[in-house]
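A quick write-up on the structure given underneath.
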Amino acid sequence: MLIEFYKHSIEKEEKKKVLECLNGIFLTTGAYVAEFEDKFARYLRLKHSVGLNSCTAALHLSLLALDVGYGDEVITTPMTFIATAIAIMHTGAKPVFVDVEESTGLINPDLIEGAITEKTKAIVPVHLYGQMCDMLRIKEIADKYGLRIVEDAAHCIEGERDRIKPGHLGDAACFSFYATKNITSGEGGAVCTNYTDVADRIRLLRTFGMSEETSERYSGKYRHWDMIECGWKFNMSNIQASLLLPQLNKIDTNWEKRDRLYKKYIKYLEIIPEINYPIIVRNSKSAYHLFTVWVNKKKRDNILRRLGEAGIGISVNYRAIHLLTYFKETFGYREGDLPIAEDIGKRTISLPFWLKLDSVSIEYIISKLKNTISGRE
C-alpha cells in the first residue's frame, strides 16, 4: 500500500480559472492578483493583502517595511522551518531563538521578555501546525517594549484564537501557498496588514522598487517609471492568483473536511498510549495544516524508517533549527540551549494529512505505527 505524505486537491474549477488566465494577455501581476488580494484580505477581515512569490518573501519584506535591518535583533522560535530565520537574516538582523511550550510547540510568551535587549526590534511568532500563538500576550509584551510583530502564518490561514485571526494584533501576517499548504499555487505567498504604509512599501519592494508595476505601465498610454528604492523580484503572477481564487471559495468547506480528518486520527490514536501530540488550546480554532505526533525520541528514527518501508509518506516538522549547522556555527547555539524545542524536534513525526485521505488509509497508518512502536514490525 502506498500512501503519499500529501496530495493537492486542485479540481476542475481551478483548472478552468487557470486556462481562462492563460487565454488572456497578461500573465504576470495584474487583475487576477488584484482580485485575489481583495478577496483574501476580506476573508481575514484585514484592510490590505499583497500577493508575493513566497512566504519567505512576505516575511522578508514585512520586516523591511517595519524598518528592521542591520544590527537589529528579532525574537522568534526554533520550532519552525528555516525560512523564518532566513527571512530575518536577509534584512541584516539577527534571529534570537526562545524556547517553546511543551504542550503545543508554540513560542513560549513567558520567555520572550528575558530575550529582549536594546537591539531587539521585532518579534516573529510562528503559528505552528495551524494553531495560533498567544497573540494577546505577545501583543502586550510588544507594546510594553515598543516592538513590531510580524506573524509567520504559513500554516494558519483559517486559524483563530480568542476570536482573533492572524494579522489582527500584529503589524503584518505572512502566508504561504506552497505545494502542501491548505490553499496552494505551487509556490506563492502574501502579506496581510491593517496598515496602509506597510502594504504600500511592500508593493514597492516586491517589484524592484519601481514606481509603477507592469500592469500599470501597460494598461493604457505609456508612462515613464522611476526606481524609488532598491527592491526585489518577489511579485505574484496572474497564473498563481488564478489558481488560488477558486480555492478561496472552498476554504471553509475544506476546513470542515480537515476537521473531520483530524478527529478521525485522534480517535484511532487512542489505541497507542505511547504517542502524544500537540494540544489545541481553549478558545482556539486550528487551521489543521499538519498532523504531527510525538513519539519516544529513542525510537523516532526507526519509526520513520519502518513507516517509509511500509509505503507511508512521512516528514519531520520540525527539528529545532537552532541546532542546524549554520545556526550553530554563526550564532554559537549548542545542545541544551532550548531543551523543550530540542526534545520536541527529536520526537516529531508528521503523518499524511490531505483532504481525500480515507479511513482505510488512516487505519493502515495507525496499525503500522502501533506495530512498529510495540516491536511487532
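The values are calculated or read from the model by the stated rules, or taken from the named source; none is laboratory data. Bear in mind the structure is a predicted one, so any value in this text is a computation, not a measurement. Methodologically, a virtual Cβ is constructed for each residue, glycine included, from the backbone with ideal geometry; neighbour enumeration extends over all protein chains shown.
In table form, for the structure just shown:
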| quantity | calculated |
| --- | --- |
| Members of segment 309-350 that are in contact (Cβ under 8 Å) with a residue 40 or more places away in the chain, among the β-branched types (Val, Ile, Thr) and closer than 18 Å to Ile86 by Cβ | Ile321 |
| Sole residue being under 21 Å from Ala83 (Cα atoms) and in a strand (DSSP E or B), chosen from Ile123, Ile183, Ile157 | Ile123 |
| From Pro95, Pro109, Pro125, Pro166, residue being of a type outside the set (Gly, Ala, Ser), surrounded by 18 or more Cβ atoms within 10 Å (Cβ to Cβ) and within 22 Å of Leu244 (Cβ to Cβ) | Pro166 |
| Enumeration of residues in segment 186-213 that are closer than 12 Å to Ala57 by Cα, in a helix (DSSP H, G or I) and out of contact with any helix residue (DSSP H, G or I) (no Cβ under 7 Å at 6 or more places or on another chain) | Arg203 |
| Conditions (1) surrounded by fewer than 12 Cβ atoms within 10 Å (Cβ to Cβ); (2) at pLDDT 95 or above; (3) not hydrophobic (A, V, I, L, M, F, W, C); number of the one not met by Glu270 | (2) |
| Segment 1-37, subset polar (S, T, N, Q) and surrounded by 12 or more Cβ atoms within 10 Å (Cβ to Cβ), residue farthest from Arg206 (Cα to Cα) | Ser9 |
| Helices (runs of 4 or more DSSP H) within segment 290-348 that include 1 or more residues more than 22 Å from the chain's Cα centre (by Cα) and surrounded by 17 or more Cβ atoms within 10 Å (Cβ to Cβ) | 300-309 |
| Looking only at segment 145-173, and only at residues there that are more than 19 Å from the chain's Cα centre (by Cα) and in contact (Cβ under 8 Å) with a residue 24 or more places away in the chain, the one that is farthest from Ile251 (Cα to Cα) | Tyr145 |
